[in-house]
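The values are calculated or read from the model by the stated rules, or taken from the named source; none is laboratory data. Bear in mind the structure is a predicted one, so any value in this text is a computation, not a measurement. Cβ coordinates were reconstructed from backbone atoms using ideal geometry, including for glycine residues, and neighbour counts include every protein chain displayed. For the accessible areas, the whole protein counts, side chains as well, though only heavy atoms, and no ligand, DNA or RNA atoms are used. Shrake-Rupley method; radii C 1.70, N 1.55, O 1.52, S 1.80 Å.
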Amino acid sequence: MLPLTSMAVFPNSTSEPVFSFKPSQFLSRPPPSLSLRFFSVYIAADNRNRRYRLWHSSSSSSKLYNPIFACRASHDSHEIDSSRRKDDDSPVHGLSEKIVGVLGGGQLGRMLCQAASKMAIKVMVLDPSENCPASALAYDHMVGSFDDSATVEEFAKRCGVLTVEIEHVDVATLEKLEQQGINCEPKASTIRIIQDKYLQKVHFSRHGIPLPEFMEINNLEETKRAGELYGYPLMIKSKRSAYDGRGNVVAKSEGELSLAIDVLGGFGRGLYVEKWAPFIKELAVIVARGRDNSILCYPLVETIHKENICHIVKAPADVPWRIRKLANDVAYKAISSLEGAGVFAVELFLTRDGQILLNEVAPRPHNSGHHTIESCYTSQFEQHLRAVVGLPLGDPSMKTPAAIMYNLLGEDEGEPGFRVAHQLIARALEIPGATAHWYDKPEMRRQRKMGHITLVGPSVGILEARLKSMLREEGYENPNEVAPRVGIVMGSDSDLPVMKDAARILNTFGVSTEVW
């Protein structure tokens with residue numbers, strides 16, 4: 001080890017130092033010329049924790065380097081060098097010099113661009129709409145279809161890493177690009193599994209993930225047998241191109257099967273059925289997976305749907321600790337079975353008997369994670385960028401006790417719908433801890449996602465009251481008058497005979513309780 005007052009520079013290919021010197025030798029003048037691009041720098045400070053600087057001279061200019069940042073960067077130097085174009089010797093101005101290409105320029109692409117601007121990361125989007133939500137904020141916008149092979153190939157040549165904000169893309173093209181050396185995150189194999197919901201179910205079943213029972217159907221007779229086996233109501237789903245409630249129909253009896261199948265486009269579209277899950281809550285976990293296969297889970301949230309579209313998200317979910325751990329375990333195991341980096345959303349059912357069942361997975365940022373922009377130390381959008389370019393994953397924990405996300409869905413067509421949404425945003429701006437996000441979509445349609453509002457505050461109960469105030473729902477009086485909740489935590493099951501009487505007394509006075 002070098003003396004505490006010395007410094008040495010080592011090339012990556014050898015253990016012998018190119019030169020070593022004392023800090024006093026280069027505080028007054030630059031050391032011999034060298035390129036830090038191919039070197040790792042090791043420095044030890046003296047006992048007074050001084051920060052020494054390293055001068056680097058080149059033929060054109062002398063640059064001042066901070067050795068602390070140089071040491072940090074050396075960990076991933078192979079990533080940076082391999083992604084740099086051979087004819088590009090320009091300096092790095094953001095946290096990564098890779099151009100991140102995003103297939104899709106909707107609201108998720110827009111919020112990725114917003115997160116990228118804070119880190120000076122360049123994001124390009126490919127989207128068929130000239131006025132897509134991400135177009136105004138992206139480093140570049142290529143107008144074209146993200147499921148057209150030739151267009152995606154041309155787009156990929158301009159990017160350092162390719163990712164998605166929608167999974168309904170041409171997987172065969174992604175597989176071809178990967179064979180050509182293009183870095184796709186998450187991997188094409190993962191997109192192929194997830195974009196076919198039946199294939200997704202088969203994959204997770206093989207990996208021991210708890211799921212509702214399911215089976216493929218190819219004709220009406222098989223569908224009737226599924227009804228006899230699973231009972232009613234029976235969930236019938238399209239294998240592909242299904243999201244936001246589209247591609248899902250519930251048949252309440254055998255007499256409704258034919259109509260449900262016709263609504264979904266017939267058996268030729270590819271259908272399967274699921275046994276109805278008797279859930280009491282719908283939950284979700286945002287999971288981040290890094291290029292080094294590190295995995296971090298965001299706090300469990302509860303999702304409330306309106307006409308099969310995510311309407312409200314509550315963070316953290318109001319469930320016992322055991323359920324939180326079980327949900328995280330299922331989410332972790334599911335994402336561990338897939339390939340590639342990025343942010344994934346794992347949608348779950350909590351059943352009456354305390355089971356956690358996986359509903360489906362999205363290989364991208366998700367509606368259930370929008371609250372993280374205001375409520376977490378690292379938003380899901382920043383996390384996705386960190387993951388796909390190979391930066392360290394950020395802290396996913398919440399920096400506020402509670403958050404509620406409210407989706408701004410189109411209440412009417414055209415201008416009347418815009419007026420309703422703008423009135424709601426105006427009321428939201430009067431609420432403490434509220435932040436409005438407008439997606440700037442050019443057209444208003446009923447039930448279309450136009451934006452969202454996030455409320456942060458001291459408890460979910462208080463935020464629910466503030467949300468009622470914002471929506472001007474009946475029954476709202478004072479946001480500070482929130483019914484208290486009491487948690488009874490026992491050291492062991494032997495405490496239950498005593499503590500159950502306490503819980504009974506609290507319930508008598510209308511105080512809700514949880515017993516852990």
Check on A150, open to solvent by 10 Å² or more (accessible area, probe 1.4 Å), over 18 Å from L385 (Cα atoms) and without any contact (Cβ under 8 Å) to a residue 60 or more places away in the chain: yes
Single residue of I453, I404 found to be of a type in the set (V, I, T), touching a Phe, Trp or Tyr at 6+ places or on another chain (Cβ under 7 Å) and under 28 Å from C376 (Cα atoms): I453
Condition met for I217 (farther than 26 Å from D329 by Cα, touching a residue at least 12 places away in the same chain (Cβ under 8 Å) and buried (at least 19 other Cβ atoms within 10 Å of the Cβ)): yes
Residue identified as of a type in the set (V, I, T) and open to solvent by 10 Å² or more (accessible area, probe 1.4 Å) among V285, V263, V301: V263
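Counting only residues that are part of a loop (DSSP other than H, G, I, E, B) and in contact with a Gly (Cβ under 8 Å, 6 or more places away or on another chain), which one in the stretch 264-278 is farthest from E347 (Cα to Cα)?
L264
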Only one of C113, C132 that is at pLDDT 95 or above, in a loop (DSSP other than H, G, I, E, B) and closer than 30 Å to Y439 by Cα: C132
Qualifying positions in the stretch 152-189 - within 17 Å of D127 (Cβ to Cβ), modelled with pLDDT of 95 or more and of a type in the set (V, I, T): V152, T163, V164, T173
Criterion violated by I166 - all others in (1) part of a loop (DSSP other than H, G, I, E, B); (2) in contact with a Lys or Arg (Cβ under 6 Å, 6 or more places away or on another chain) satisfied: (2)
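If I ask for residues that are in a loop (DSSP other than H, G, I, E, B) and within 22 Å of L391 (Cα to Cα), which ones from the stretch 324-366 would you list?
Within the stretch 324-366, S337, L338, E339, G340, A341, P363, R364, P365, H366 qualify.
Quick grid of which residues meet (1) outside any loop (DSSP other than H, G, I, E, B); (2) closer than 24 Å to N131 by Cα; (3) open to solvent by 20 Å² or more (accessible area, probe 1.4 Å):
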position: L408; (1), (2), (3): yes, yes, no
position: D412; (1), (2), (3): no, yes, yes
position: E415; (1), (2), (3): yes, yes, yes
position: F418; (1), (2), (3): yes, yes, yes
position: A421; (1), (2), (3): yes, yes, no
position: A426; (1), (2), (3): yes, no, yes
position: I431; (1), (2), (3): no, no, yes
position: P442; (1), (2), (3): no, yes, yes
position: R445; (1), (2), (3): no, yes, yes
Any hit, the stretch 245-252, residues being crowded, with 19+ Cβ neighbours inside 10 Å, within 30 Å of T151 (Cα to Cα) and among the small types (G, A, S): yes
Single match in A334, A345, A327 (criterion: within 26 Å of A434 (Cβ to Cβ) and not assigned by the TED database to the domain that holds S117): A345
Residue selected from the stretch 70-110 under the condition under 26 Å from the mean Cα position of the chain (by Cα) and among the β-branched types (V, I, T), by the criterion modelled with the lowest pLDDT: I80
